[in-house]
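The values are calculated or read from the model by the stated rules, or taken from the named source; none is laboratory data. None of the values given here were measured: they were computed from a predicted structure. Every residue, glycine among them, receives a Cβ derived from its backbone with ideal geometry; neighbour counts consider all protein chains shown.
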Amino acid sequence: MKVNNLKIAVLILAFLAIGNQTFAQDGTVTIDQDSDITKLLEYKKDVKTADLYKIQLDFGSRSEAMALRQKFRNTFSQWPSELVYETPNYKVWVGNFNTRLEADIALLKIKKKFSKAMVFEPKKED
């Protein structure tokens, strides 16, 4: 009886092994993507977005921050400015400086008109 069970088990395993090989499928995958995607990926490698420095002019209520931003725009048009809300204050941030040195040089000019200005490195969004 044991010999018959052993023969049947070996026979079933043999059929399963042969069955897996005969029913296995081979396939190829072709990716058709726009050539602009490759260009975009190369561009992203070149652009420095990791370590940017900004200058914060001041913070306060929304109306104060908007007035401060407008005053900054009228005085210094070479740097972009943005209004940022961080509870409970609105803040005026200036520039996207690649190095701390660039930010410090700009800060020297900006501090002449905006004495509370300071350089900082914004938190990175994950």
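Some notes on this structure:
For (1) within 25 Å of Gly95 (Cβ to Cβ); (2) of a type in the set (Phe, Trp, Tyr); (3) in a loop (DSSP other than H, G, I, E, B); (4) at pLDDT 80 or above, each residue gets a yes or a no:
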position: Leu11; (1), (2), (3), (4): no, no, no, no
position: Ile18; (1), (2), (3), (4): no, no, no, no
position: Asp32; (1), (2), (3), (4): no, no, yes, yes
position: Ile55; (1), (2), (3), (4): yes, no, no, yes
position: Asp58; (1), (2), (3), (4): yes, no, no, yes
position: Ser63; (1), (2), (3), (4): yes, no, no, yes
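- Residue check for Trp93: within 17 Å of Leu108 (Cα to Cα) and not in a strand (DSSP E or B): no
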